[in-house]
Amino acid sequence: MLRSPQIKELRKSGKLQEALTMAAEDLTNLPEDRFAKSNIGWVYYEYLKKYVQEENVIKFSEILYHLTELSLPETDKMLPDNIAWQTGKIIFKEVKKQYIDYTVLYKIIEDCMTMHFTKPSDGYSFLLKAFHKVLKPNSHKYIELINWWNLDNLQEADKNKDVLPNGKEVMSVAEQVLTAYFKAKVPVGNEPIDKEKVFESVAELDKAIEEYPKYLYLVYFKVKMLLAINEKDRLLESFLPFAQKKSGEFWVWDNLSEILEDEEDKVTCLCKAVLSSERTENMTSNVHLKLAKYFLSMNMFPEAKWEVLKIVDIKNAESRRIPVDVLLLQNQSWFTETESAENNYKFYQNHAENSVELLFPDKQTEYIFITNVNENNGMINFTKENDQLGFFNKERNRLRFPIREGDIIKVKFDIFSENAPSKIIVAKKDSQETLLQRNFKMVVGDIRITDKGFGFIDDVFVAPHIISKHNYAHGQQINGKAIRTFNKKKEQFGWTLL
């Protein structure tokens, strides 16, 4: 007969060894009895709590193994659900230590994966958070973890961003796990690639992207997978929305350089990658190596040597091994016979100038003629080639170059409106002969100044501030430039002196 009340009393009073001895005797007599297993299981659980408090991970692992030997019924989830919390607690304690015994932690995780938990549940999610901390660096084990845990068990709470005590938001558990999981599935190194498995991973990724559209990095991993098997069809279409949102990251441009086919576009992307790597220069060796090979193909040996030396500097700064490809370049005759360029930054700047245009291939390039610049509020009025009128705010569109009345700007609009500020995604000073001839002319003639302070040179309007600025006098001959502007009151175009 089981002594369940006595075992429970001993356990509750902290007499764990006596409780364990009694429960073990009962289990020996009734080895298949579910209640005998439950009795000793709860004693083991008290030991787990004890070793969590003592931070004794080895003893914790030993007890956990004894629990797995019980082979508890799949329907008995109360004990495993409680074990989940204690397991998570001790793992979080261990990963904060300077020395981490991964062998023991791996064993704990393997043993937990034989148990039956309530799914989904808070305890099961807590277990995932803990296991994520341990297995994230190990791609093979991380994939095994997620296949066992099953991402369908994510709860709504797992999808909410965590808020740190200082108020800073960090990735939700779901985003962290999905990011680590699909990163682990990207083919790396020289291992043989199973195309069918990669396509299966891409299909799985597409489902995740549809379910979690705000998790931008999922698209990045899709790109890496398809690049690994040289499948570029529709890749650009998938990657561009992500790249547009992350255009300040060097690796976005590095990846785009691999997707695009045009050689000059590739170089543009690589140059933009370097210019976007101010905070992550230590990660750009591969970009510099690609540029070195490009310069060599163009017989630009001083520039190529500078790229190679840059890689060496990056690696030496962190006491890291020089890549074999770089060592091979250093041993070639051109390297020893060439004096290095001072640097390649001017080349980068010149070639990256139009890089943003590559992110918006479907947006039409247009030319606009600047008709008015309000220095006080930053609003700028313009005329399009078809005489449509519009305006935009210079600061909100982050246009850093000076803009003056009479300038012609080559643009790509994200949003164009005649009644609200337009949004510009690409802008560059340019020239366009047809637009210039229609909206600009030279003026020679005598000025007529009215009593109200404004004037005319034939049909050209002269604003009071222009008269005041140049101290024009009535009847004075003026030789100047005029632009075509729209008169809202008369609802027609006219000419205004600059």
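The values are calculated or read from the model by the stated rules, or taken from the named source; none is laboratory data. These numbers come from a predicted model, not from an experiment. Every residue, glycine among them, receives a Cβ derived from its backbone with ideal geometry; neighbour counts consider all protein chains shown.
Having 1 or more residues that are small (Gly, Ala, Ser), modelled with pLDDT under 90 and surrounded by fewer than 21 Cβ atoms within 10 Å (Cβ to Cβ) is the bar; report the helices (runs of 4 or more DSSP H) wholly within the stretch 201-314 that clear it. Don't jump to the end; show me each part of the working.
Values: elements: 217-228, 235-245, 250-259, 263-275, 285-297.
Correct list: 217-228, 235-245.
On the basis of being under 24 Å from Asn153 (Cβ atoms), part of a helix (DSSP H, G or I) and among the charged types (D, E, K, R), does Lys133 make the cut? It is true that Lys133 is under 24 Å from Asn153 (Cβ atoms), part of a helix (DSSP H, G or I) and among the charged types (D, E, K, R). The listed residues are Met78, Met115, and the only one of them that is touching a Pro at 6+ places or on another chain (Cβ under 7 Å) and not hydroxyl-bearing (Ser, Thr, Tyr) turns out to be Met115.
One line per residue, one yes/no per condition, for (1) in contact with a Leu (Cβ under 9 Å, 6 or more places away or on another chain); (2) hydrophobic (A, V, I, L, M, F, W, C):
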{"residue": "Leu145", "(1), (2)": "yes, yes"}
{"residue": "Ala157", "(1), (2)": "no, yes"}
{"residue": "Val163", "(1), (2)": "no, yes"}
{"residue": "Asn166", "(1), (2)": "no, no"}
{"residue": "Val170", "(1), (2)": "yes, yes"}
{"residue": "Ala174", "(1), (2)": "yes, yes"}
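For every residue, the table says whether it meets (1) surrounded by fewer than 16 Cβ atoms within 10 Å (Cβ to Cβ); (2) farther than 30 Å from Lys207 by Cα; (3) among the polar types (S, T, N, Q).
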position: Ser71; (1), (2), (3): yes, yes, yes
position: Glu74; (1), (2), (3): yes, yes, no
position: Ile83; (1), (2), (3): no, yes, no
position: Cys112; (1), (2), (3): no, no, no
position: Val134; (1), (2), (3): no, no, no
position: Glu144; (1), (2), (3): no, no, no
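Cβ separations smaller than 8 Å between residues 6+ apart or across chains give the following pairs from the stretch 384-409 residues that are in contact (Cβ under 8 Å) with a residue 40 or more places away in the chain and outside the structural domain of Lys488 (by TED's automatic domain parsing) to residues that are surrounded by fewer than 17 Cβ atoms within 10 Å (Cβ to Cβ) and aromatic (Phe, Trp, Tyr): Asp387/Phe493; Leu389/Phe486; Gly406/Phe440.
Going residue by residue through the stretch 141-162, is there one that turns out to be of a type outside the set (A, V, I, L, M, F, W, C) and in contact with a strand residue (DSSP E or B) (Cβ under 7 Å, 6 or more places away or on another chain)? Yes: the stretch 141-162 contains one or more residues that are of a type outside the set (A, V, I, L, M, F, W, C) and in contact with a strand residue (DSSP E or B) (Cβ under 7 Å, 6 or more places away or on another chain).
Identify all residues within the stretch 50-79 that are assigned to a helix (DSSP H, G or I) and more than 14 Å from Ile108 (Cα to Cα); write none if there are none.
Pass one, the stretch 50-79, residues assigned to a helix (DSSP H, G or I): 50-54, 57-69, 78-79.
The answer is Lys50, Gln53, Glu54, Met78, Leu79.
Restricted to the stretch 444-489, and to residues there that are of a type in the set (Lys, Arg) and under 21 Å from Asn374 (Cβ atoms), the residue that is surrounded by the most Cβ atoms within 10 Å (Cβ to Cβ) is Arg484. If the condition is being more than 20 Å from Lys412 (Cβ to Cβ) and surrounded by fewer than 14 Cβ atoms within 10 Å (Cβ to Cβ), then the stretch 364-386 contributes Asn374, Glu375, Asn376, Asn377. Residues that are part of a loop (DSSP other than H, G, I, E, B) and among the small types (Gly, Ala, Ser) do occur in the stretch 14-36, at least one of them. Taking the criterion of being within 23 Å of Lys481 (Cβ to Cβ) and of a type outside the set (Val, Ile, Thr), the residues of the stretch 400-413 that qualify are Phe401, Pro402, Arg404, Glu405, Gly406, Asp407, Lys410.
Give Leu256, Leu327, Leu291, Leu309 a once-over and let me know the one that is out of contact with any strand residue (DSSP E or B) (no Cβ under 6 Å at 6 or more places or on another chain) and without any contact (Cβ under 8 Å) to a residue 12 or more places away in the chain.
Numbers: Leu256 fails: without any contact (Cβ under 8 Å) to a residue 12 or more places away in the chain; Leu291 fails: without any contact (Cβ under 8 Å) to a residue 12 or more places away in the chain; Leu309 fails: without any contact (Cβ under 8 Å) to a residue 12 or more places away in the chain.
Only one candidate qualifies: Leu327.
Pairs needed: first member in the stretch 39-57, more than 20 Å from Asp76 (Cα to Cα); second member anywhere, at pLDDT below 95 and among the hydrophobic types (A, V, I, L, M, F, W, C); C-beta distance under 8 Å; at least 6 residues apart or different chains. Close Cβ pairs satisfying both conditions: Lys50/Leu16. Being modelled with pLDDT of 90 or more and assigned to a loop (DSSP other than H, G, I, E, B) is true of Glu339.
For the stretch 440-454: of the residues being assigned to a strand (DSSP E or B) and under 56 Å from the mean Cα position of the chain (by Cα), which is farthest from Gly480 (Cα to Cα)?
Within the stretch 440-454, the first condition is being assigned to a strand (DSSP E or B), and the residues that meet it are 440-446, 448-449.
If we keep only those that are under 56 Å from the mean Cα position of the chain (by Cα) too, we end up with 440-443.
Details: Phe440: 11, Lys441: 9, Met442: 6, Val443: 5 Å.
Applying the filter and picking the extreme gives Phe440.
Among residues that are β-branched (Val, Ile, Thr), at pLDDT 90 or above and either farther than 20 Å from Pro120 by Cα or surrounded by 14 or more Cβ atoms within 10 Å (Cβ to Cβ) (or both), Val188 is not included.
The residues of the stretch 52-69 that are among the hydrophobic types (A, V, I, L, M, F, W, C) and either surrounded by fewer than 18 Cβ atoms within 10 Å (Cβ to Cβ) or over 19 Å from Phe35 (Cα atoms) (or both), listed by number, are Val52, Val57, Ile58, Phe60. Residues in the stretch 334-363 that are among the small types (Gly, Ala, Ser) and over 26 Å from the mean Cα position of the chain (by Cα) were compared, and the one that is surrounded by the most Cβ atoms within 10 Å (Cβ to Cβ) is Ala341.
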